[in-house]
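Below is one structure, written out as structure tokens, with a few remarks after it.
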Amino acid sequence: MVQVITPELRRWLQEQATAGYSRQSVLDALLKAGWQPVLAASALESEWDATQRQPSGLVDAASPMPSQRLPDLDLSLSPRQIDAGDRWVDVIATLANPRVVVLGQLLSGEECDALVAAARPRMARSLTVQTQTGGEELNPDRTSQGMFFRRGETELIARIEARIARLVNWPVDHGEGMQVLHYGTGAQYKPHYDYFDPAQPGTASILRRGGQRVATLVMYLSEPARGGGTTFPDAGLEVAPVRGNAVFFSYDRPHPATGTLHGGAPVVEGEKWVATKWLRESVFE
Ligand code: PD2
Ligand code: ZN
């Protein structure tokens, strides 16, 4: 079969990009439609990057990703607790829109301490992924210190990753390596979105590895005496940082319409440690 980049295909690729679909999901769609992998890749290479240079104003708010399945907890029977395989996790509060679930006792006190102890010697001033270039940068909105564990790096990390995968029904290999952040008194993480902005030129290269982020789990490893909550300004919600607890939220498209603007409020007294797990659309190598 001869496959060529027709004007229709070009238009379709532009529509996908404008709607905020990731490169990976478009590639998957082409392959599913019978495109030979080499030709699908070359169509994306010649057409996709041009679509990524469009001004952000063209991104369409309303379009969700195609029949997107998302990480989520099974709360259909309103359970007080959920079986996460090796541990029962408390359901403390849920919000439908944006999807936010506050969880209790996801981690034991010993697990929190062990994560902090393993992370402490590797802390450096936090970087954020820079979607302008696909690289990383020092971000003045983020005054915490951080590090990443590799997925499955230790038995403890692997155990927690398996627990999370079972809890939110999302494969371990769709998760990024766990990040640990430390906030001293006064440190904060100003409100932001965790997905990668499709309008930014560097996003295309970031998405090649696992597609978009679709959900976040912030796990509290310590309890500041005051401040340090995780805030969702558009939802008027603040989650208190309680050691061992966690907040989960998901987003079905990379757009503010998801209502998932969130931040780490300034720590007023004491210090705050968190571990963050970001979940991707597809396998994150
Ligand atoms: O530490 C937090 O509460 C927090 C807030 C917002 C962490 C993140 N975002 C993150 O790691 O993305
Ligand atoms: Zn965040």
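Here are the numbers for the structure shown:
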| item | result |
| --- | --- |
| Loop-resident sites, the range 69-120, for trypsin sites (Lys or Arg not before Pro), counting at most 16 other Cβ within 10 Å (DSSP) | R69, R80 |
| Mean-position separation - Cα centroids, the range 225-242 and the range 247-262, in angstrom | 16 Å |
| Net charge of Cβ neighbours under 12 Å - reference W88; Lys, Arg +1; Asp, Glu -1 | +1 |
| Over the range 158-231, volume per residue of the alpha carbon convex hull, in Å³ | 128 Å³ |
| Cβ-based charge dipole, the range 166-285, positive-most Cα from P254, A187, W170 | W170 |
| About the Cα centre, charge dipole magnitude for the range 179-243 (Lys/Arg +1, Asp/Glu -1 at Cβ), debye | 220 debye |
| Label point distance in nm, E238-R120, each placed 7 Å from Cα along Cα→Cβ | 2.9 nm |
| Translational D in µm²/s for the range 223-285 (Stokes-Einstein at 37 °C, 0.692 mPa s, Kirkwood Rh from C-alpha pairs) | 248 µm²/s |
| Dmax and Rg, reported as Rg then Dmax, of the range 110-258 (C-alpha, Å) | 15.4, 42 |
| Candidate residues Y189, Y220: accessible-area rank, largest first, probe 1.4 Å | Y189, Y220 |
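The values are calculated or read from the model by the stated rules, or taken from the named source; none is laboratory data. Predicted model only: the values in this text are computed from it and were never measured. Every residue, glycine among them, receives a Cβ derived from its backbone with ideal geometry; neighbour counts consider all protein chains shown. Note: areas computed on protein heavy atoms with side chains; ligands, DNA, RNA excluded. Shrake-Rupley method; radii C 1.70, N 1.55, O 1.52, S 1.80 Å.
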